[in-house]
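Structure record follows, encoded as structure tokens.
The values are calculated or read from the model by the stated rules, or taken from the named source; none is laboratory data. The shown structure was predicted, so the numbers you read here are calculated from the model rather than taken from an experiment. Because the Cβ atoms are built from the backbone with ideal geometry, glycine has one as well, and the counts that use them run over all protein chains shown.
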Amino acid sequence: MAFEAYLGFSGTTAALHLAGDLEERDVARLRSLVDQAVQRPVRRFVLHAGELTSLAAAGVRCLALAQQQLRPGTEVIIDGAGEQVRHALRLSGLDRSMTVVSSR
């Protein structure tokens with residue numbers, strides 16, 4: 001399934017919706033959206049991952065970098081992550097620094 005992503009804002013919350021297979025070639029698109037989110041004074045960064053079927057290592061690195069660039073105290077939530085995505089986050093250790101809410 002082709003990767004799709006879009007970003008929205010509501011108050012001090014940035015919501016990034018992800019769908020499909022996030023492969024290495026898609027990371028530039030993810031990075032662009034993450035850059036837009038971190039430039040705003042957000043307190044919550046929510047990644048809606050319920051339709052994300054896979055997450056390449058470069059995508060995990062992009063999320064780790066985003067977390068470092070956000071203001072201290074910004075809550076990062078990965079919502080609806082399936083098993084493959086949760087596994088990638090566990091391998092990287094990001095599951096310990098972000099709130100991961102599974103789809104099941």
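Entry remark, the stretch 1-32: residues being assigned to a strand (DSSP E or B) and more than 14 Å from the chain's Cα centre (by Cα) number 2 in total. Just to be sure before I move on: is residue 28 touching a residue at least 12 places away in the same chain (Cβ under 8 Å) and of a type in the set (A, V, I, L, M) in the structure I sent? For residue 28, the condition - touching a residue at least 12 places away in the same chain (Cβ under 8 Å) and of a type in the set (A, V, I, L, M) - is not met. Remark: residue 63 falls outside the filter, which requires a residue to be at pLDDT 95 or above, part of a helix (DSSP H, G or I) and among the hydrophobic types (A, V, I, L, M, F, W, C). Scanning the stretch 82-91 for residues that are surrounded by fewer than 19 Cβ atoms within 10 Å (Cβ to Cβ), touching a residue at least 24 places away in the same chain (Cβ under 8 Å) and basic (Lys, Arg) turns up nothing. For the stretch 47-58, the set of residues classified as surrounded by 21 or more Cβ atoms within 10 Å (Cβ to Cβ) and at pLDDT 95 or above consists of 47, 49, 52, listed by residue number.
Can we say residue 47 is in a helix (DSSP H, G or I) and touching a strand residue (DSSP E or B) at 6+ places or on another chain (Cβ under 6 Å)?
Details: in a helix (DSSP H, G or I): no; touching a strand residue (DSSP E or B) at 6+ places or on another chain (Cβ under 6 Å): yes.
No.
Restricting the stretch 1-42 to residues that are acidic (Asp, Glu) and within 18 Å of residue 54 (Cα to Cα), which is surrounded by the fewest Cβ atoms within 10 Å (Cβ to Cβ)?
At the first step, the residues of the stretch 1-42 found to be acidic (Asp, Glu) are 4, 21, 23-24, 26, 35.
Restricting the remaining residues to those that are within 18 Å of residue 54 (Cα to Cα) gives 4, 21, 23-24, 26.
Details: 4: 14, 21: 15, 23: 14, 24: 10, 26: 20.
Once the filter is applied, the top-ranked residue is 24.
Counting just the residues of the stretch 83-104 that are within 13 Å of the chain's Cα centre (by Cα) and not in a strand (DSSP E or B), which one comes out farthest from residue 21 (Cα to Cα)? Here the residue is 97.
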